[in-house]
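Asker: Dropping a structure here in structure tokens format, bear with me for questions.
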Amino acid sequence: MQFKKSTEVLCSFIVNILVMSVCYFTLPHTARAEVSIIGSSGSTIKIEKIAVFDEPWALTFINENDLLVSTKKGKLWLVKKDGTKFLIDGLPNITYGGQGGLGDILPHPNFSQNSLVYISFVASENNGRTRAAKVIRAKLENLTLRNHQLIWEQLPQTTGRGHFSHRLAFGPTGSSHNGMLFISSGDRQIMDSAQSFDNNLGKIIRLHDDGRIPEDNPFKEMGFPANTIWSLGHRNVLGISFAPNNNLWANEMGPLHGDELNLISKGANYGWPIVSEGNHYNGKHIPSHSTNDKFTPPVKYWVPTIAPSSLAFMPIKKGQKWSGNAFISGLKSKAIFRLNIQDYQVTHEEKFYIGKRIRALTIGQDRNIWAIEDGGMGRLLKLKLD
């Protein structure tokens, strides 16, 4: 009887090992299976899960095969296209909470020569009582960030935990913005700050790649910090990107509805909080842009909200599908939006409902769209055009 019982235990153990082995070897195949999504205009994209992260916030390619992915709690990953992940050391101290934490990441235009990356994050000088976004640059060498240099910081630090924005974009090589770094700075939920020049909240900032202030900024005669400002009257810009024709665009979270897509012009005022296409959360009415021609109206706005969280443009290539189109990720809408823009107007919009809050997207050199979901267990997705 003892021999029989031991044999049964051994057989059970072997079966369990075999089951575990089968699960181990089949899970990756299942995880990487493609799912087709049909857009509102009938277009099809195929989605493949690549990796999973805890509260991912931004992603960017540093070469044809490698991405950087940041997570809001303060981790930065180097990710291969097959999903293999490597943790990067040497991050600054991150203040996590609310909408804040580790933010955007962007390689220098000459990254292949200088290994410089730019990182936005939320920091506090007083154990979290007040906080603000900062941008540093550092050398990425052997999975470590070295030689930190402060490029920019939000002024003033405030007690709130929202509307940091801190998205980054470099001016295109060969354009009038060559080597210029653009930073979106949210209003920090202090609405009137967006219309004032004694702070840099509710603004889009333009600096040299080393943090110096350009001489041709529109408000340079007004002193610091006004001389860093490129445009003002913004609420919470979470998408900022250059189109293939070198125009700068930004998408912006509205209050209660009224999200905006704006063509960003030198010295322009976009009206927040004096005008908006949405209302305050308490229902209080805000006049629309049409009531005041002092302010630049959005090229497009959304009611109800889509909660736009990032923006990227497909490079122009003759004969290629969606050449030059804009792509916007959506949080509340749980979708990705494709916009065809002609003569500074959106001529067509297509919605791809993903079913998960999409925190950010970018476009790889292979012309595929890469996106990350919001929150815990946020997936890195590869979206291939069908």
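Asker: In whole Hz, what ³J(HN,Hα) sequence does segment 271-279 give by Karplus (6.51, -1.76, 1.60; θ = phi - 60°), x for Gly and Pro?
Answerer: x, 5, x, 6, 10, 6, 8, x, 10
Asker: Another question, then. Show me, for segment 195-212, the HN-Hα J-couplings you get by feeding each phi into the Karplus relation (A = 6.51, B = -1.76, C = 1.60, θ = phi - 60°), rounded to Hz, glycine and proline as x.
Answerer: 9, 10, 9, 8, 8, 10, 8, x, 10, 10, 9, 10, 9, 5, 5, 9, x, 5
Asker: Ranked highest first by average number of other Cβ atoms within 10 Å, how do 200-210, 227-237 line up? Show your work: numbers first, answer last.
Answerer: Details: 200-210: 22.6, 227-237: 24.2.
Taking the mean over residues of other Cβ atoms within 10 Å, the ranking is 227-237, 200-210.
Asker: Ordering Lys334, Lys73 from largest to smallest accessible area (1.4 angstrom probe), what's the sequence? Don't skip to the answer; put the middle values down first.
Answerer: Details: Lys334 75, Lys73 105 Å².
My answer, sorted largest first, is Lys73, Lys334.
Asker: From the phi of every residue in segment 47-57, what ³J(HN,Hα) in whole Hz does the Karplus formula 6.51 cos²θ - 1.76 cosθ + 1.60 yield, where θ is phi - 60° and glycine or proline is x?
Answerer: Calculated HN-Hα couplings, in order: 10, 10, 6, 10, 7, 10, 9, 8, 6, x, 10 Hz.
Asker: Using a 1.4 angstrom probe on the protein heavy atoms only, could you order Lys49, Lys321 from most to least accessible area? Each step should come with its number before you reach the end.
Answerer: Details: Lys49 60, Lys321 85 Å².
The ordering from most to least exposed comes out as Lys321, Lys49.
Asker: Considering only the other residues whose Cβ falls under 11 Å of the Cβ of Arg161, what net charge follows from Lys and Arg at +1 and Asp and Glu at -1? Working shown, then result.
Answerer: On the way: positive: Arg131, Arg188; negative: none.
My count for the surroundings of Arg161 gives +2.
Asker: Near the amide H of Val303, under 5 Å away, which other amide H atoms are found, from residues 5 or more places off or on another chain, if H is placed in the peptide plane?
Answerer: Residues meeting the amide H criterion: Gly258.
Asker: Also, quick follow-up: For helix 2-31, what angle does its Cα long axis make with the longest principal axis of the chain, in degrees from 0 to 90 and rounded to 10?
Answerer: The angle comes out at about 30 degrees.
Asker: Separate question: Between segment 112-131 and segment 220-272, what's the alpha-carbon centroid distance in Å?
Answerer: 21 Å
Asker: Ignoring any ligand, DNA or RNA, what whole percent of the accessible area of the chain comes from carbon and sulfur when the probe is 1.4 angstrom? Kindly include the intermediate steps, with their values, before the conclusion.
Answerer: Working: 9060 of 17510 Å².
Here carbon and sulfur together make up 52 percent of the probe-accessible area.
Asker: Given 0.36 nm per residue, what is the gain on full extension from Thr130 to Ile38 after removing their alpha carbon distance, in nm? Numbers along the way, then the final one.
Answerer: Working: separation 92, 0.36 × 92 = 33.12 nm, distance 4.49 nm.
Gain on extension, Thr130 to Ile38, equals 28.6 nm.
Asker: So, by mean Cβ neighbours within 10 angstrom, what's the order for 159-169, 132-142 with the highest one leading?
Answerer: Numbers: 159-169: 22.6, 132-142: 19.5.
Taking the mean over residues of other Cβ atoms within 10 Å, the ranking is 159-169, 132-142.
Asker: In terms of modelled amide H atoms, which long-range or inter-chain residues lie less than 5 Å from the amide H of Ile358?
Answerer: Gly330, Leu331, Lys334, Ala335, Asp374
Asker: Report the calculated FRET efficiency for Ser265 and Met222 (r = Cβ-Cβ distance, R0 = 25 Å), to the nearest 0.05.
Answerer: Details: r = 18 Å, r/R0 = 0.72.
That pair, Ser265 with Met222, gives E of 0.90.
Asker: Given Lys46/Lys203; Lys75/Lys134; Lys73/Lys220; Lys134/Lys294, which pairs have Cα atoms separated by over 25 Å? Intermediate results must be reported in sequence, preceding the final value.
Answerer: Details: Lys46/Lys203 37 Å; Lys75/Lys134 16 Å; Lys73/Lys220 36 Å; Lys134/Lys294 31 Å.
Where the Cα-Cα span goes over 25 Å, the pairs concerned are Lys46/Lys203; Lys73/Lys220; Lys134/Lys294.
Asker: Per residue, what accessible area does the chain have, given a 1.4 Å probe and all protein chains present, in Å²?
Answerer: Numbers: 17510 Å² over 386 residues.
Normalised by residue count, the accessible surface of the chain is 45 Å².
Asker: Turning to a different aspect of this structure: Sorted by packing (mean other beta-carbon atoms within 10 Å per residue), highest first, where do 368-378, 283-293 land?
Answerer: Details: 368-378: 20.5, 283-293: 12.2.
Top of the packing list down: 368-378, 283-293.
The values are calculated or read from the model by the stated rules, or taken from the named source; none is laboratory data. For clarity, every value in this text was computed on a predicted model and none was experimentally measured. Backbone-built Cβ (ideal geometry, glycine too); neighbour counts: all protein chains shown. Heavy atoms of the whole protein, side chains included, go into the accessibility calculation; ligands, DNA and RNA do not. Shrake-Rupley method; radii C 1.70, N 1.55, O 1.52, S 1.80 Å.
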